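These notes concern the structure reproduced below.
Read-outs throughout are calculated quantities, based only on the coordinates presented, and are distinct from any laboratory measurement. All values reported here derive from a predicted model rather than from experimental measurement. Cβ sites come from the backbone with ideal geometry, for glycine too, and all protein chains shown count toward neighbours.
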Ligand code: MN
């Protein structure tokens, strides 16, 4: 069995090598380096053999002469299906326009994309591995491409990894991307985290000792580790708390991994008898898991030398799941999984990932040509977010309830400052209209337009508010505060109409 599997993988490698012969990556390496790296990532995630083989072959249909039939003949239906899915997915992403196949007409490209994925969530996992390797080697691309790919990864793929509870992947993707999206901020925060950790090192060591001693005394088996916050999650948290570092309590966290759930609560009690817990910061994600299935106890305590430390307590299984998420459940269920795919059943997923089941069922119904009310499909992938599109098909994510001006300022302040109107899905609309999931938004600008203070009521994102306030301040200055020295009259900024 084992030998047969490695024979198949070997065969796939040879097939891919031959197909990509003579192709090179932007890094200068021969192309095969990339599919092999994707294979390695999928292996590390513990994915099943079909997924690994499909990972090796994932770029062959799009980029080489190999045909899907060749793959089907050699590796069977399941591998061919996965490769086909990844190919469609990347074609769909090029402009997010046509996933035609069996999909009904819906304006929501993201939903279409998700339904296309719903056939087999392993397609998405291969795509995530593909994207991760591309991010790791992003430095070889020209700067504008770097930014574009990094931004998309930050806005679409890292949240997807989070939604699948693939914690390690989310952190790596987010930080790799953020470094390209905002290099200055990235380095600033990275330094800040390093400095903080250095200063906290000594007292953390002491806390670890105290905790270890207390747990040993109770004869509890445990593993203790520190966890460092990712740069991007610190950035997001600071944005939420008006850049106030004093509000960030989890820069360093202590992680305690134990054997079972009962012990988790026991350890929580012991921690609270050692240190004072902070009010309102005890979170029981074991009894009430996060939407992505994440489970753990969190508490923030004040230590004897007045340090604030977050403590996370969980079982080994929960820990594994928090780091590898959906991939971990594939690992545990590989046998069952293969079986249920064969039978067309979808019962292998953890209950917390029911949205995937729903997605798969919907996709299956669509394939059979049955009618499906897409509005009833609750893909709560991003419960608090909507995705809208520029006329070119670029995805912009915004919080629910966002208005056209939020969108305009997200594109560029030059666009925001000169808005004269908006077209939503091709029709003229107005600036009070809440944007909805999947809308195609076209901002109309004029260089004679100036920012209006009344716009403040038509904006909900802090980002847009900040930009508008800055613009108002600038354009107000000459009239509100005339000075002795004659000031140069502010030239209206030039801007191209709709971008
Ligand atoms: Mn690829």
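With the crude spin-label approximation of a point 7 Å out along Cα→Cβ, what separation in nm comes out for residue 36 versus residue 201?
3.8
What is the distance in Å between the Cα centres of the range 31-90 and the range 200-217?
Spelled out, the Cα-based centre of one part sits 47 Å from the other.
I need 424, 248 ordered by Cβ neighbour count within 10 Å, fewest first.
Ranked by crowding around the Cβ, least crowded first: 248, 424.
Could you check the spin-label model distance between residue 456 and residue 433? Points 7 Å from the Cα along Cα→Cβ, value in nm.
2.7
Return the FRET efficiency for the residue pair residue 139, residue 23: r is the Cβ-Cβ distance, R0 is 25 Å, and the value is rounded to the nearest 0.05. Each step should come with its number before you reach the end.
Numbers: r = 20 Å, r/R0 = 0.79.
Taking R0 as 25 Å, the efficiency between residue 139 and residue 23 is 0.80.
Quick one: if you stick a label point 7 Å off each Cα along the C-beta vector at residue 279 and residue 425, how many nm between them?
A separation of 4.8 nm, rounded to one decimal place.
How high is the FRET efficiency from residue 243 to residue 68, r the C-beta distance, R0 45 Å, rounded to 0.05?
0.30
Roughly speaking, what is the centre-to-centre gap between the range 218-246 and the range 260-307 when only Cα atoms are used, to the nearest Å?
Here the answer is 13 Å between Cα centres.
Write down the radius of gyration of the range 385-476 and its Dmax, each obtained from C-alpha positions, in Å.
When restricted to Cα atoms, the range 385-476 yields Rg and Dmax of 12.1, 36 Å.
Give me 249, 275 ranked fewest to most by other Cβ atoms within 10 Å of their Cβ, as a rough exposure proxy.
In order of increasing Cβ crowding within 10 Å: 249, 275.
For residue 77 and residue 306 in one chain, what is 0.36 nm times their gap in residues minus the Cα-Cα distance, to one decimal in nm?
Values: separation 229, 0.36 × 229 = 82.44 nm, distance 6.06 nm.
Result: 76.4 nm gained on full extension.
So if R0 is 45 Å, what FRET efficiency would residue 392 and residue 221 give, r being the distance between their Cβ atoms, rounded to the nearest 0.05?
Once the sixth-power term is evaluated, E becomes 0.20.
Please report 160, 68 as a ranked list, fewest other C-beta atoms within 10 angstrom at the top and most at the bottom.
68, 160
Equivalent-ellipsoid semi-axes (√(5λ), Cα gyration tensor) for the range 172-234, whole Å, largest first?
For the range 172-234, the ellipsoid semi-axes come out as 33, 14, 5 Å.
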